[in-house]
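The values are calculated or read from the model by the stated rules, or taken from the named source; none is laboratory data. The structure displayed is predicted, hence computed values, not measured ones. Glycine gets a Cβ as well: all are built from the backbone with ideal geometry, and neighbour counts include every protein chain shown. Accessible surface areas use protein heavy atoms only, side chains included; no ligands, DNA or RNA. Shrake-Rupley method; radii C 1.70, N 1.55, O 1.52, S 1.80 Å.
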Amino acid sequence: MRLVVTAFVALLSLAACGQSPVRYASAPVPSGDRIGISVSQLEVREVSLPSYASSEEIWRETETGGLEADSATLWADDPSRGVTMELSRHLAAVTGARVAAEPWPFEDLPQARLVVRVDEMVAGRDNRFRLSGQYFVARLSAGQDRSGAFSVSAPFAPDAGAPAIAAARATAVRDLARLIADRGF
C-alpha cells in the first residue's frame with residue numbers, strides 16, 4: 001500500500017511541474033477611417049469557423065501544407081466568440097452604427113443581420129495569417145440582401161511566435177470588418 005501511495009504522490013508532483021499553456025489575445029488595432037453604411041443597427045451572428053480553428057489551439061500551416069497546433073499556445077478566448085466580438089467592435093467603430101453580437105440586446109430590432117462563415121483561419125507557412133470565407137448581410141428592413149466572398153491576410157514575423165500570430169489575426173479581422181462595411185451595404 002505504501003508503494004501505491006508513494007507512486008501516486010510522485011505522479012502528482014510530476015503533473016505539477018508541467019508547464020501550463022500560455023494564452024494569447026488579439027492585440028487591439030485601430031479600426032481606421034469611417035465607412036458609411038445604409039443601416040444604423042446591425043446584429044452580428046456568431047462567426048462560424050472550421051473545426052480546427054474553433055479549438056483553443058493556435059494553428060499553423062506546415063511546410064508540407066498540413067496543419068498543426070501546439071497545445072502550449074492557446075487563444076485567450078473561444079475563437080468563434082473572440083472573432084465575433086472583434087468583428088462587432090470594428091464594425092461599430094468604422095460605421096458609427098449600433099452593432100452588437102447575437103443575441104440582440106436592445107429593445108428595438110436590428111435593421112440587418114451579418115453572418116460570416118470562415119473556411120480558412122490559419123497562420124500560413126508564407127508568414128501571413130489568412131482568413132477567408134463568405135459573408136451574408138440579411139436586411140431585416142427595407143433594402144437589398146448582399147453576400148460575397150472574402151480573403152484577407154496580415155503578415156507576421158516568423159520568429160516572433162504566438163504573439164505575432166495574435167497581432168496578425170487582429171489585423172485580418174479588422175480588414176474583414178472594413179471589407180464588409182465597404183461591400184456589404
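Scanning segment 86-112 for residues that are of a type outside the set (A, V, I, L, M, F, W, C) and either in contact with a helix residue (DSSP H, G or I) (Cβ under 7 Å, 6 or more places away or on another chain) or open to solvent by 60 Å² or more (accessible area, probe 1.4 Å) (or both) yields GLU86, ARG89, HIS90, THR95, ARG98, GLU102, PRO103, PRO105, GLU107, ASP108.
The C-beta contact set for segment 142-165 (first residue touching a residue at least 40 places away in the same chain (Cβ under 8 Å), second residue not aliphatic (A, V, I, L, M), distance under 7 angstrom, 6+ apart or interchain) comprises GLY143/SER38; ALA162/TYR24; ALA162/THR73; PRO163/TYR24; ILE165/PHE129; ILE165/PHE156. Residues of segment 42-67 that are open to solvent by 20 Å² or more (accessible area, probe 1.4 Å), farther than 19 Å from ILE165 by Cβ and assigned to a strand (DSSP E or B): SER48 alone. Here VAL39 meets each of (1) within 21 Å of ALA138 (Cβ to Cβ); (2) within 13 Å of the chain's Cα centre (by Cα) with one exception, condition (2). When segment 126-169 is filtered for residues that are under 16 Å from VAL116 (Cβ atoms) and out of contact with any Lys or Arg (no Cβ under 9 Å at 6 or more places or on another chain), the ones remaining, listed by number, are ARG130, SER132, SER147, ALA149, ARG169.
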